[in-house]
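J.: First, the structure itself, so that you have it in front of you.
Each reported figure results from applying straightforward, stated rules to the coordinates on display, with no laboratory input. The structure displayed is predicted, hence computed values, not measured ones. All Cβ positions, even for glycine, are placed from backbone atoms using ideal geometry, and neighbour counts span all protein chains on display.
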Amino acid sequence: MAETYTTPAKAEAPAETEIAQPPKRRRGIIVAVVVLLVLIALGIWWRSTYSEDTDDAQVNGHLIQISSRIAGQVIKIDVEENQMVQRGQEIAELDPRDFEVAVENAQAALDSAKAAAVAAKVTVPITTVNTGSNLRFAGADVSSAETQVAQAEKQLEAAHARVLQAQANNFKAQSDLERYKPLVERDVISKQQFDAAVAAADASKAALADAQATEQANQDGVRVAHDRLAQSESQLKYAQTAPQQVAAQDARARQAEAQVKQAQAELDQAKLNLSYTRIIAPEAGIITRKSVEINQNVSVGQNLLTLVSLEDLWITANFKETQLRHMQAGQKAVVHVDSTGEDYSARVTQIGGATGSVLSLFPPENATGNYVKVVQRVPVRLDFTNLAQEDPNHRLRPGLSVEPKVWVK
């Protein structure tokens, strides 16, 4: 008997339920994506068109090397490494005793120069009066000497005439005596007459000697009178230099006044050197690289420490050459500082005169002809416009990395 097999009926599969997306929602997503892409494209275009930025930039400032303007020994130090100082604050002090002595010496020299100047100035009118009096006296003395010379010459002429007269008388007396000698021997004349002739001859001889002596004395008198006249004329010539003497004395007075000014300058220099014993901060900043110690002997110009100035800071930004097409001085900028996380206002003040590669220690050279164009960068200076209000606590430091953005349109 054959077995009958019955095929079981297939179970019905559950119906798959498909949830259809609404057409409006799909279109909204697509539109939102497209708008977002358009906004991103517009933002990129707007950013590239209206502003230029770079991350190759840093804060720059003045590094002031503090040194001594005089040589001396350090007796006091008022600062420490990395200490904040204000403008005019004392940093160190040198031993002032040597410079105080120099000031006292300069003051004494100034007082002496002033006294000498007063004396020289007073002497000018005195010299004027004296030289005028000497000139008048010398003129009168010359006239008197000339009169004396004339008088002496007249006296010499009279003495010479008396000598001639005495010679004539003597000649006659001697002749008479010679004639009387043979007569007295023959007793033609008496002895008394002969003695009278001898006496007359002796008297005439003595009178001749006297006349000759008087003439010699008058000759000496004429020579003395001439000498006195020469002396008077010399004194007159000297007295005639009165204007030159007054001018010379006036020049000495001016020289004395100049010496006063020189002494005053030396005193000022001594006081200035004394003030240099106090080394003060020229700007507000932070002390770094301090190498000075107490009792250290320092020389002129020796570097003692470095003062990082926080008052005059600026940005040096190295922009690509393709970013400089519309960039110029005066354009506004915003500087983002990494260390503070804040933005600061600035403006473009200078665009460098050459690229960084040209200004490097070893400028590039291309002598082989194998040239690869590389986009160069040009340093641009940005100055903060409101740093005192935006950074009152001096948080910015030279060397910090920043990201400036310059509005070129």
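J.: Taking 7 Å along the Cα-to-C-beta vector as the label spot, tell me the residue 217-residue 374 distance in nanometres, rounded to one decimal.
T.: In this crude label model, residue 217 to residue 374 measures out at 12.2 nm.
J.: Taking the Cβ of each residue in 357, 345 as the centre, tally the other Cβ atoms inside 10 Å and list the residues starting with the fewest.
T.: Numbers: 357 12, 345 15.
Listing 357, 345 from fewest to most nearby Cβ atoms yields 357, 345.
J.: What ranking of 99, 171 emerges when the number of other C-beta atoms within 10 Å of each C-beta is taken as an exposure proxy, fewest first? The partial results should precede the final answer.
T.: Details: 99 20, 171 12.
Ascending number of Cβ neighbours within 10 Å: 171, 99.
J.: Right, here's the next one. Calculate, for residue 245 and residue 407, the FRET efficiency according to 1/(1 + (r/R0)^6) with r their C-beta to C-beta distance and R0 51 Å; round to the nearest 0.05.
T.: 0.05
J.: Take the Cβ-Cβ distance between residue 297 and residue 86 as r, set R0 to 35 Å, and report the resulting FRET efficiency rounded to the nearest 0.05. Intermediate values should be presented prior to the final figure.
T.: On the way: r = 28 Å, r/R0 = 0.80.
The computed FRET efficiency comes out at 0.80.
J.: Can you give the helix-only mean residue ellipticity at 222 nm for the chain, where every DSSP H stretch with n ≥ 4 adds -39500 (n - 2.57) and the sum goes over all residues, rounded to the nearest 500 deg cm²/dmol?
T.: Numbers: 6 runs with 208 residues, N = 409.
Theoretical 222 nm ellipticity from helices: -18500 deg cm²/dmol.
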